Structures are given as C-alpha cells and as structure tokens.
Amino acid sequence: MTRHVEPYGGDPKKAIKARGYPLLPGRAGKPDRKIQKVRLIKKQQKHLMVQLGGKNCWAEPDSNHHMAIYKNSAGKVHFEVTSLLEAARRQSCGEPVVRRDIGDGWQFVFSLGKGEMLALPGQEGVCSYWVVTSVWSDGTIEHVFHTVAGKEVKKEYKTPNVLLKNNYYKISIDPIGRARDAHD
C-alpha cells in the first residue's frame, strides 16, 4: 500500500483515483483481491517521541490530553492543561490522570478533553450541545456545535472563565443518545 501511494505524495485518495485500489495476489489460482481497507503506521522520528516504559510504548510530548478547570470561593477560575505524555506517565504510575485536588482552596469543576461534550442551558430548559475538538495550553477551548459535520465547520473558541460565566457544564451521552450530567 505504501508503494502504491508513494508517487502521489502519500495521499491514498489521489492514488486510488489515478490507479485504482491496489491488488493482493490471489492464492492457488484464485483472482486478485482489492485492498480497500488498511491501517498504515505513521512514521515518527524517534528523537521527537518519548518512551513511556514498555518496549513499544511511545507518546508525542506536544499533544494535549485534557484541561482541568478549578474555581475558588472568590469565584476566580484556574486551569491546568495536561499533555498526553504527562497523562500517560500518570496512568503508568497508577496516579489519577485527572487531578481533582490541587489544594489552596481550589474546587475541581470539570475536565475537558477532545471529543467530550458541553451543554449550554438555553431558554425554557432547552440546551445547545457542543463537542470539544481541542484544548490548548494557553487555556483556549476549541469546540463545535454537535450537529456540524464536514470540512466547512465553524469552530468557536472560549476560555474556562467564559464557559463558567455562561453556565456551560460537561455532559455525557449514553449509547442511545440521552444527555446526562457527567458528574465529573
């Protein structure tokens, strides 16, 4: 598969459009079969990766795993962004991945990571639902409306202060689509 897409800059869509699907030779006189689904391993430069413990256990140090949001009695908001590397280290050491207690009077509100959902209460009890697409180390939370799909996606960017001021809260969606408070 890699050789099939290489002349097209590694883009499988271009390669399939130009040359069709690659073929897997048939056995014992059977016809060749099209390779329509395959998992390619992404090559990374080893010096840019960090080994976590096991022989084949590696992580990218620059990816963010989640943001924990805290509030104190004075109403001040504090956040901590945890990298994927740090989250993996905590997990491998048996520590909680999300730190709920940081002391000094800060109360844990919720944590947010890619793919998690937020609800914004509206008029007459109707909520709008948002999917978190990214958390940034500067405190920005990137999210999209839950019904949006495709390339032309209007993303919104908010800080933890704005989320809490506007009464956003974290929810979870069960397998049949019911929204519930995440009790994070």
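The values are calculated or read from the model by the stated rules, or taken from the named source; none is laboratory data. Just so it is clear, the model here is predicted, and its values are computed rather than measured. All Cβ positions, glycine included, derive from the backbone under ideal geometry; neighbour counts span all protein chains shown.
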One residue from VAL162, VAL131, VAL135 being assigned by TED's automatic domain parsing to the domain that holds ASN72 and more than 24 Å from LYS76 (Cα to Cα): VAL131
Residues of segment 2-17 satisfying the condition of being in a helix (DSSP H, G or I) and of a type in the set (D, E, K, R): ARG3, GLU6, LYS13, LYS14, LYS17
Filter result (under 17 Å from PRO160 (Cβ atoms) and acidic (Asp, Glu)) within segment 105-145: GLU116, ASP138, GLU142
Segment 81-116, residues that are charged (D, E, K, R) and more than 18 Å from TYR168 (Cβ to Cβ): GLU86, ARG89, ARG90, GLU95, ARG99, ARG100, ASP101, ASP104
Residue in segment 148-175 that is farthest from PHE110 (Cα to Cα), counting only those that are part of a helix (DSSP H, G or I) and in contact (Cβ under 8 Å) with a residue 24 or more places away in the chain: ASN161
